[in-house]
Each structure stands twice: as structure tokens, then as C-alpha cells.
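For reference, the structure is listed below as C-alpha cells.
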Amino acid sequence: MAELQRPTLCCCRKVLTVPGKSCEGGRSLAHCRLVDVASASNFHSFKLRHFHLDLHLNFAVKRMTGWQVLELTPVQPGVQSLILDTHPSLLIHSVDCKVPGVSGAPDVFMSLTYRVEPFTDYGSSLNISLPAAVNRPHRAFRVTIRYTTTDGPAIWWLDAELTCGQTRPLVFTQGHSVCNRSFFPCFDTPAVKSTYSATVRVPEGVTVLMSASRSAYSKQDRVFQFSMEYPVPAYLVALVAGDLQHADIGPRSRVWAEPCILTCAVSKLGGTVERWLNVAEGLFGPYVWGRYDIVFLPPSFPIVAMENPCLTFIISSILESQEFLLIDVIHEIAHGWFGNAVTNATWEEMWLSEGLATYAQRRITTEAYGEAFTCLETVFRLDALHRQMRLLGDNNPVSKLQAKFEPGVNPSSLMNLFTYEKGFCFVSYLSQLCGDIKRFDSFLRAYIEKFRFTSVIAQDLLDFFLGFFPELKESCVAQREGLEFERWLNGCGPPLCEPDLSAGRSLTGPVQHLCDLWGTDTPDSKVIATFDLSSWSTFQTVLFMDRLLDRSPLPQEVMSLLSSCYSALLDGMNAEVQIRWLQIVVRNSFYPDLPRVRSFLHKHTSRMYTVPLYEDLCGGVMKCFAVEVFYQTQGRLHPNLRRTLQQILFQSSALNTSTAPSLLVSPASAPSSPTDPPANGTIALRDVNVSA
């Protein structure tokens, strides 16, 4: 039997189309073929105008109960069902429909039948039968879904002992990539954007924040109301509730945190965020989201940072690493333009958000801190990319920018270094083609202006680029031999070219010189002593440590000399430095410094610091030590992390990070099951300290 062509709606949302047919909105045929295999929904059949959430948070039983109202418009006749993404952890109680009356007739209310069906291991489909009364194109109707959700992949309930202050419980959500279908039924695809509002009821003493503007608050009733006036995809809807206080750090920014860490957070960021926003606006145009607030979350937050509109979520563990904090916040600011305002239409082209945001982040740091600093940070990240490339091989398909995945594959498996750094290199190459970085800034401003609040594919970006620079189109730069755009997008392997980073040699040169000294058969301790690591920046020190780690295994006499030179000094440095030294200790089985590993794992309970060390311990000869430390500290670990570490410790095929690193950028962007995020490898956690 001939294969049926699946009809889809092009991203301009103009008209239902079939591959091979042109689109009423004038978009490319690639748009008309857009299919999101990670979504069970029939998003192509409707225009989602707005949705409202009304939720009650019950901390005692760790449950959210309430309803959702969706305002929808069919875009074609004869639509008989509404199919939304959902999750087994979300229990549907009822579905109702409101159809506006015609010619003065009263509105019609009716209950709808529905069924929940399996889809993948990360979600289900909610199939709602629609009455004939709504089968009229461009006529709006409302669907109300009453439901309860508990502890699905998007919702993280923290008991008081897992918070920073250890006094009150806290809950937060994390939607990227396909987790929010366990928060509320939705078109869980980045191709669909809509406005939303929310009403949230909580117990006394709990403050609620969302990725939206607070529109009202009743202290007596403990009701918080929010409104997002600009269209966003489902994964950018986020909520946090707990014992949170705030302090203003700028005219449009404030820091939110538990009281015990608020002063520290303010001291780290006070006066800088507005400066970064101003630089970004000068480069890319107005910041459209109004507020840029930051909430610091406990160490159980499963990633480093998340670019939720109006309110960046960031892990409090990063506060002690000033330069990493700076980069992470600036990266999230960059997402205000690249990722939030203009979004990748499919998860298979995630580089359109992450690659562009990484480029924008580095333009901001160059303007704010100079080219040398930006080149140092870029060298550090590209080192990580090449490290992963050596382990994976040049022909691994995950290294493609346009990565393809089959139905059932979790999109989070595409969150890798290539998404960020190979994507950055391609954007940098486009900048080089136009010959003037300021002209490229102008292009990016125009790109944002044209596609703001829409979802795009790579062809949109490249067509607009060639249209903006017609002289480049005439010279056929897209087909330049060896650097073809198609090869950039669909070729495996490392970037086809990298930007010139020579401006950072004043910072990277000493690092490489010291690495070379340690690489000799008999390191000269007198010459080595002339290098003062205490005067180095964090990125210089972690670059040095990473390059030493690449040389492992090291002779024991070298390890002894390294320890005598650096162990005591590194004890006083931040966790990003310490973890790298401890990984060198573990991978080289250097037992004299093993107590430092124990102390570190007793102090740090975040996924980004624990998983790499446990993987290294179990990948070598120190598994018994790892088991001992785990039993001593497991009570202070989030259940999801505890299960991940148990997998590493007790499965016979424990991951050996020296040969099989994870491909994920950050753990649990989308757990593979409601409660068990997959274990992630050292490269993922150590080398990519950015957002989801």
C-alpha cells in the first residue's frame, strides 16, 4: 500500500498544507513539511490563541490540582478531535467545551468524551472528541480540562531538608524539552506559541513566581495571578513556589532566593545585570520581555540555568564560581532574543536557539569584558567539543546540526556540545562571510525584528541572511567548496572552521606553557613555581585542569608533585576548579588526596558536581569508596539524583567516562521516566555549564 503523506500546518499558521503543495503564507515548502515527531498532538489543525491555568498547590501530598482553559480556533473544516500531549503522571478528571452562540444565540456548554493513549516513554496523548458545532474554521471555542498532576518529569517537589534554608518545602517546574506535558496538557512542540495566564493558590508563607508578569496578588486568600502577553512555546511556561524573598538589583531586575542565600546572590550580581541588558539591546534591539528577574534554586535543580521569559531559573551552586555565573546569566539574557523571541520550530534544529544564543552571549562579553576574555572562554568550550569529538568519532550522527531522530526518541538526547559550539562556529562563519561584525549585528537585529514571536527553521535564517547580503548570494557562498551550508547543517564531525581566537593568547598562552611543562618526563619544579595560579582567572585554571585531565593517566611521581604544588591552593578555590582536580585524583588513583573527594561529595549535592565524580570513581578502581560515600550522603540527595547514582553504582555496566561520555548537555532536561533522569557523563556536566 502506498505510504500516506501526513498533512501538516506550515509555521506561519496560515493554511493546512500537504508536502508538495505551496503555502498560502508564502513560506518555504520545508515549513509545509514540518512534523514534530516528539509531539502526539494535532497542533497543525488549530490555532492556539491563549490558555489559562488555575492551580492549587498542596505541599503536604505533593500535588497540583486545578483546570486549564484553552482558546482555540480550527484552521480547517471537519476537525473531529483535539489531541494534546500529556503524561501518565497527569490525571484527567473531566473535559468541557464552550462554543459561542451564533446570531445572538446563547453560548453552548457541553461535556466532551476523551481517551488517553500511550505515545512514548516520555508522554501520552489526550484525544478529545469534538462536537460538530466547533467544526467551523476560524470560529473560536474554549475547552476546559480539569486535572491533577503530581511528580512527573516537569515537577520537582523538594522537602524542606533539600532546600537551601532547610526550613520550608519548595516546588519548581522544568519544561525543556518535552517535560511540560506532565505539568499541563498542551501542544508540547516549539512550533506552537501562545499567550497564557495563571492563577495559583498556595498555603501561608509561600511565594509563587512564574515565567510571566505578576498581574495581581491577594495576601488574604494566598492567590497569585500572572499574565504573559507575548506568545511563548509550552516549554517556557515555568513555576516556582516556596520561601522566596527578593532584592532589586536594577531598574528592571531583581534577585529572588531563599533568605539564607539572598545576600550572597545580590552581592554577586548587583549592578551588572542592567549593564549586560544594555549591551545586549545595543547589539540586538529592544529587550521585549519587560522584567529580567533571576531566581536561585536549591542544588536539586537538575540543570545549571533555564531561560524562562521574565524569570531565569539558575542553580544556587553556581554562586561560588563568579565567572561561570557571569557566563550563565549572560547566556540566559541572550536567549531573550534567540530562543525565546525567535524559537527553533523543531527540536531537530535546536542549534537555532543554542548556537545563536552562544554567539550572542560572546558578543555581549566581548563588548563588556573585552575580546581576550571571550576568546579564553571560547577556547575552554571548544576544547570540550574536540574532547567529545575524539571520544565519539568523526562520523557520529549526533554531531550534525540538523540531527534527525525517530519517533519515540527523547529530544533531550540532542542536547549536546554540538548544539552549542558547532552551532556557534557556523554563526561565526556567517559573520566572517559578511566581513564586518557590526554589519552582522545589524543582520541579527533585522532577523529578530522579522521573526519575533515566531518559530523558524534553518532555511528561514539562511534565506534571510542571503537576502540581507545580496552580494554574498550572488557570489554563491552557500555552495563554497568545503564550507557548503548544507555540509554545515547535515555533515558529521567537528565544525568546518573555527573563529580566530588569537586575541586570547595573553590568557591562554600561559595555560598551555604550564601544561607543556607538566608534560615533560621530568617537570622542572622551579620553573613551574613561577606560575601563580592564584592570580589566574577561573577560566584559565579550569582550562589548565582540563588539559591535565586529558593527559591522564599520569605517572604517580607527577601526581605527587602536582598535589604538593596545587592541592592546598585548590582547596580554597571554587567548585568548578575543585571538581576538575578531584577528577584528576580519581582517574589517576591518587589515594593521598582521596579525603578531598570525600569532603567535596559531602558538601556538594547538585547533579552537576556529583555525577561526574561518581562515574569516574566507578569507572576506575574506587567503586567501594564511592559506595561508602553514597551511603553517608544519600539522605541529602534528591530522590531523582539518588536513583541516578544508584544506577551508576550498582549496575554491572556502570558507565566508564573515559570511553563513553554522555551526549546530554545537562542532566534531566527531560527525564526518561517520570522520576528517573538518565545518568550523564563527565563531559556533559563538566564542560557545558550553560542552560538547557
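The values are calculated or read from the model by the stated rules, or taken from the named source; none is laboratory data. Quick caveat: nothing in here was measured; it's all calculated off a predicted structure. As a convention, Cβ positions derive from the backbone with ideal geometry for all residues, glycine included, and neighbour counts pool all protein chains shown. Each accessible area value is taken on the protein alone, full model and side chains, heavy atoms only, with ligands, DNA and RNA left out. Shrake-Rupley method; radii C 1.70, N 1.55, O 1.52, S 1.80 Å.
Filter the range 62-93 down to the residues that are surrounded by fewer than 16 Cβ atoms within 10 Å (Cβ to Cβ) and either over 33 Å from the mean Cα position of the chain (by Cα) or free of Cβ contacts under 8 Å to residues at least 24 places away in the same chain (or both) and list them by number.
Gln76, Pro77, Gly78, Gln80
Answer yes or no as to whether Val255 is touching an Asp or Glu at 6+ places or on another chain (Cβ under 8 Å), farther than 30 Å from Trp347 by Cβ and β-branched (Val, Ile, Thr).
Here the answer is yes, as Val255 does meet what is asked.
Inspect the range 538-547 for any residue being in contact (Cβ under 8 Å) with a residue 24 or more places away in the chain, farther than 24 Å from Glu320 by Cβ and in a helix (DSSP H, G or I) and give the result as yes or no.
no
Select from the range 278-300 the residues that are surrounded by fewer than 22 Cβ atoms within 10 Å (Cβ to Cβ) and in contact with a Phe, Trp or Tyr (Cβ under 6 Å, 6 or more places away or on another chain) and list them in ascending order.
Glu281
Report yes if some residue within the range 544-567 is within 16 Å of Ser317 (Cβ to Cβ) and either among the aliphatic types (A, V, I, L, M) or open to solvent by less than 10 Å² (accessible area, probe 1.4 Å) (or both); otherwise report no.
No; the residues of the range 544-567 include none that is within 16 Å of Ser317 (Cβ to Cβ) and either among the aliphatic types (A, V, I, L, M) or open to solvent by less than 10 Å² (accessible area, probe 1.4 Å) (or both).
Taking the options Leu489, Leu496, Leu472, name whichever one is within 23 Å of the chain's Cα centre (by Cα) and aliphatic (A, V, I, L, M).
Leu489
Of a type in the set (A, V, I, L, M, F, W, C) and either over 24 Å from Glu348 (Cβ atoms) or open to solvent by less than 40 Å² (accessible area, probe 1.4 Å) (or both), is that true of Cys492?
no
Of everything in the range 568-591, what is over 32 Å from the mean Cα position of the chain (by Cα), under 29 Å from Leu385 (Cβ atoms) and not in a loop (DSSP other than H, G, I, E, B)? Give them in sequence order.
Leu569
Can you find even one residue in the range 432-442 that is open to solvent by 50 Å² or more (accessible area, probe 1.4 Å) and closer than 30 Å to Asp188 by Cβ?
Within the range 432-442 (the criterion being open to solvent by 50 Å² or more (accessible area, probe 1.4 Å) and closer than 30 Å to Asp188 by Cβ), the answer is no, since none of the residues qualifies.
Could you tell me whether Asp532 is surrounded by 20 or more Cβ atoms within 10 Å (Cβ to Cβ), acidic (Asp, Glu), at pLDDT 95 or above and under 23 Å from His513 (Cα atoms)?
no
Across the range 204-219, which residue is nearest to Trp337 (Cα to Cα) among those that are open to solvent by less than 30 Å² (accessible area, probe 1.4 Å) and in contact with a Phe, Trp or Tyr (Cβ under 7 Å, 6 or more places away or on another chain)?
Ala212
When the range 125-160 is examined, which residues are found to be part of a loop (DSSP other than H, G, I, E, B) and over 33 Å from the mean Cα position of the chain (by Cα)?
Leu130, Pro131, Asn135, Arg136, Pro137, His138, Arg139, Ala140, listed by residue number.
Go through (1) more than 20 Å from Phe141 (Cα to Cα); (2) among the hydrophobic types (A, V, I, L, M, F, W, C); (3) without any contact (Cβ under 8 Å) to a residue 60 or more places away in the chain and name the single condition Phe119 misses.
(3)
For the condition closer than 30 Å to Leu548 by Cα, open to solvent by less than 50 Å² (accessible area, probe 1.4 Å) and assigned to a helix (DSSP H, G or I), what is the one hit in Ala503, Ala446, Ala478?
Of the residues listed, the single one that is closer than 30 Å to Leu548 by Cα, open to solvent by less than 50 Å² (accessible area, probe 1.4 Å) and assigned to a helix (DSSP H, G or I) is Ala503.
Restricting to helices (runs of 4 or more DSSP H) lying wholly in the range 247-364: which have 1 or more residues that are over 26 Å from Ser412 (Cα atoms) and free of Cβ contacts under 8 Å to residues at least 12 places away in the same chain?
259-269, 273-284
Determine, yes or no, whether Phe109 is touching a residue at least 60 places away in the same chain (Cβ under 8 Å), among the hydrophobic types (A, V, I, L, M, F, W, C) and either open to solvent by 30 Å² or more (accessible area, probe 1.4 Å) or not in a strand (DSSP E or B) (or both).
no
For Cys186, are the conditions met, namely being hydrophobic (A, V, I, L, M, F, W, C), under 30 Å from Arg636 (Cβ atoms), modelled with pLDDT of 95 or more and within 23 Å of the chain's Cα centre (by Cα)?
For Cys186, the condition - hydrophobic (A, V, I, L, M, F, W, C), under 30 Å from Arg636 (Cβ atoms), modelled with pLDDT of 95 or more and within 23 Å of the chain's Cα centre (by Cα) - is not met.
Go through the range 592-634 and count every residue that is outside any helix (DSSP H, G or I), within 27 Å of Leu561 (Cβ to Cβ) and of a type in the set (Gly, Ala, Ser).
So the count comes out to 1.
Limited to the range 518-567, what total is found for residues that are acidic (Asp, Glu) and under 27 Å from the mean Cα position of the chain (by Cα)?
The number of residues fulfilling the criteria is 2.
(1) open to solvent by less than 10 Å² (accessible area, probe 1.4 Å); (2) closer than 30 Å to Asp36 by Cβ; (3) small (Gly, Ala, Ser): which one isn't true of Gly242, the others all being true?
Failed condition: (2).
Cβ contacts < 7 Å: first residue of a type in the set (Gly, Ala, Ser), restricted to the range 458-485; second residue assigned to a loop (DSSP other than H, G, I, E, B), any location; separation 6+ or different chain. Result?
As it stands, the answer is Ala458/Gln402; Ala478/Glu484; Gly482/Leu496, since those pairs meet every condition given.
Pull up the range 150-173, narrow it to residues that are of a type in the set (Ser, Thr, Tyr) and within 13 Å of Arg63 (Cα to Cα), then point me to the one that is most open to solvent (accessible area, probe 1.4 Å).
Thr150
Does the range 220-234 contain at least one residue that is modelled with pLDDT under 95 and surrounded by fewer than 17 Cβ atoms within 10 Å (Cβ to Cβ)?
Yes, the range 220-234 has at least one match.
Does the range 108-122 contain at least one residue that is more than 12 Å from Leu82 (Cβ to Cβ), out of contact with any helix residue (DSSP H, G or I) (no Cβ under 8 Å at 6 or more places or on another chain) and of a type in the set (S, T, N, Q)?
Looking through the range 108-122, at least one residue is more than 12 Å from Leu82 (Cβ to Cβ), out of contact with any helix residue (DSSP H, G or I) (no Cβ under 8 Å at 6 or more places or on another chain) and of a type in the set (S, T, N, Q).
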